[in-house]
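Just below is one structure, and these are the notes that go with it.
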Amino acid sequence: MERRVDNKWASTIASIWIQASCGASYTFGIYSSTLKSSQSYSQSTLDTVSVFKDIGANAGVISGLFYSAVTEKRGGRSSAGVGRRPRSVLSPGPWLVLVAGAVQFFAGYFFIWASVVGLIDRPPVAAMCLFMWVAAHAQTFFNTTNVVSGVHNFSDYSGTIVGIMKGFLGLSGAILIQVYYTVLKDQPSAFILMLAILPTSVSLVLMLLVRIYDTNAMGDKKHLNSFSAVALIIATYLTILIILENTFTMPLWSRILTFIVLLFLLFWPLRTAIVAMREEREGSSEPSSSEQSPLLDDPLQVVSKEVSEDMNLIQAMRTGDFWLLFMAMVCGLGSGLATINNISQIGESLGYTTVEINTLVSLLSIWNFLGRFGAGYISDVLLYKRGFTRPFLMAFTLLIMAVGHIIIASGFSGNLYVGSVLVGVCYGCLWSLMPTITSEIFGVGHMGTIFNTIAIGSPVGSYILSVRVIGYIYDKEATGEDNSCYGTHCFMLSFFILASVAFFGFLVDLVLFFRTRSFYKLILHRRSQHSQLIAAG
């Protein structure tokens, strides 16, 4: 029998490692001061550059369109019959999207580094905004490829695989910062060059392994759970490291040792993939095995055309469900990102120490991860075991986010920690739930384009709430000579407004929940029939 390594498990490992290396947009705080001083920027100018980073990292419509274009020959469906391994092609394919992302990643960060070290003349602010946008925009090409390909390969467990991919992206910022602390401590300009080289190299080395297989197996869940367990262990380990680094001065030898342990944990999922591939080879040697039965080729044809049909972007935008989901993301992602962007200033206004603020900011990436990973995993369990739909879980998430904003607004001692945990986890949940809901309502054929279009709601909402609400009210309350503000009044009104916005998103998502209840009944029926088919052999 032919021994293959180019299957969905190798693809998953490659995607995990790419996701774990490409979240450079979350590391802006490491080199922002160097960028500001080298370019003689004011704080407002630096904030302008940062806005283009947020826009590039969240507006991935181009990456979605490109992904759909280069995988169009597959038509979003398996080309194999029941019981046969689907054909995997090199061209066109997802690897082209990764190449496009790698080129942008390297070009954007290389020009930023060249500007900082004086290799090129200091560029105009508009040019620096373009460099930052290109660098951050590359992240959407990696994210789209890995998330959508994962949904194709594990469509029975789309929530879990989206949670894993989004979770490792959430952890990537903390992982890259650990590389900086170990190898390039106190060299932020060299860190920018590392961002140009390291994630680009990882994606180019692994890109040919990331492919679409459109298959499902009864044993997939236990292996996905193993990936999830490793992700949780890495998150716990990074949390401990962050607290230690912000509490003690760690010597070089300890940093090297802790970094080696981190690398070991990052390579640990490879063992799970090898076990899964071994089981797959052993199972496929039996003629009656249905391990690789494509879900969408179910001969029972029990699924209505409404469930199996893919919509393109234009068709999706003609539906009310699209705009309900978009508005919910404007409210949820927008208010969450506005909180994350202003967390340092909130801490300063409430009298937190520098160490406390740094710890708070660092831990936000962990809360973000827990939300991304947890919502994906839990939504699968609640949907298939309890019948609770993902829009219902999203509505509950938005309600908890509103509570988090209210806790921050109260301004009592310690409440910023509690509020930031709730907002950070809920923000991550939304990033995991939204792509999964998109794939279920509109299909996987153009999923990348549609969910990246909906994701535009994040920078739109963040701009309105950060600049027009938080910034405007803060400036009105500021009384210091340096336009600073201290006290609970600086952000209280702003966060009551953010809580109202998140609650409005909750109401919007309730409408989506009621509109899609019957649709999700069909999805559950689809899964039940598929499970019966596999059990029957």
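Let's see how each residue does on (1) modelled with pLDDT under 90; (2) in contact with a strand residue (DSSP E or B) (Cβ under 8 Å, 6 or more places away or on another chain); (3) open to solvent by 10 Å² or more (accessible area, probe 1.4 Å):
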position	(1), (2), (3)
VAL147	no, no, no
GLY150	no, no, no
PHE154	yes, no, no
GLY167	yes, no, no
ILE177	yes, no, yes
TYR181	yes, no, yes
ASP186	yes, no, yes
ALA190	no, no, yes
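Scanning segment 107-123 for residues that are among the hydrophobic types (A, V, I, L, M, F, W, C), over 12 Å from LEU195 (Cβ atoms) and in contact with a Ser or Thr (Cβ under 8 Å, 6 or more places away or on another chain) yields a single hit, VAL117.
Cβ-Cβ contacts under 9 Å between residues 6 or more apart (or on different chains), taken from a first residue in segment 311-324 that is over 13 Å from ILE454 (Cβ atoms) and assigned to a helix (DSSP H, G or I) to a second residue that is of a type in the set (A, V, I, L, M, F, W, C) and open to solvent by 60 Å² or more (accessible area, probe 1.4 Å), are listed as GLY320/VAL511. Per this entry, MET434 is counted among residues that are more than 14 Å from LEU337 (Cα to Cα) and either of a type in the set (A, V, I, L, M, F, W, C) or open to solvent by less than 10 Å² (accessible area, probe 1.4 Å) (or both).
For beta carbons closer than 8 Å, sequence separation of 6+ or different chains, a first residue in segment 58-72 that is open to solvent by 10 Å² or more (accessible area, probe 1.4 Å) and a second that is among the hydroxyl-bearing types (Ser, Thr, Tyr), the qualifying pairs are ASN58/THR140; ASN58/SER458; ALA59/THR140; VAL61/THR449; VAL61/THR453; ILE62/THR140; LEU65/THR449; SER68/THR449. Of the residues that make up segment 53-62, is at least one modelled with pLDDT of 90 or more and either closer than 22 Å to MET277 by Cα or more than 16 Å from the chain's Cα centre (by Cα) (or both)? Yes - at least one qualifying residue is present in segment 53-62.
The helices (runs of 4 or more DSSP H) located wholly in segment 358-475 that include 3 or more residues which are in contact with a Ser or Thr (Cβ under 9 Å, 6 or more places away or on another chain) occupy 390-410, 415-442, 447-454.
Note on segment 209-229: residues that are part of a helix (DSSP H, G or I), at pLDDT 90 or above and over 19 Å from LEU265 (Cα atoms) amount to 1. Screening LEU90, LEU96, LEU46 for residues that are farther than 24 Å from ILE274 by Cβ, under 27 Å from the mean Cα position of the chain (by Cα) and at pLDDT below 90 leaves exactly one candidate, LEU46.
Here ARG255 does not qualify as open to solvent by 10 Å² or more (accessible area, probe 1.4 Å) and not in a helix (DSSP H, G or I). Give the residue that is most open to solvent (accessible area, probe 1.4 Å), with candidates limited to residues of segment 437-459 that are under 21 Å from LYS53 (Cβ atoms) and of a type in the set (A, V, I, L, M). The residue in question is ILE456. The residues of segment 26-42 that are under 18 Å from SER365 (Cα atoms), of a type in the set (Ser, Thr, Tyr) and open to solvent by 10 Å² or more (accessible area, probe 1.4 Å), listed by number, are TYR26, SER32. Within segment 341-352, residues that are at pLDDT below 80 have Cβ atoms under 7 Å from residues that are crowded, with 19+ Cβ neighbours inside 10 Å and not hydrophobic (A, V, I, L, M, F, W, C) in these pairs: ASN341/SER462; ASN341/SER466, counting only partners at least 6 apart in sequence or on another chain. Quick test for you: out of ALA102, ALA138, ALA127, pick the one residue that is modelled with pLDDT of 90 or more and exposed (fewer than 15 other Cβ atoms within 10 Å of the Cβ). ALA127 is the lone residue from the list that is modelled with pLDDT of 90 or more and exposed (fewer than 15 other Cβ atoms within 10 Å of the Cβ).
The values are calculated or read from the model by the stated rules, or taken from the named source; none is laboratory data. Because the structure is a prediction, the values reported are computed rather than measured. Note that we place each Cβ from the backbone using ideal geometry, even for glycine, and neighbour counts take in every protein chain shown. Ligands, DNA and RNA are stripped out before the accessible areas are found, and what is left, the full protein with its side chains, is counted by its heavy atoms. Shrake-Rupley method; radii C 1.70, N 1.55, O 1.52, S 1.80 Å.
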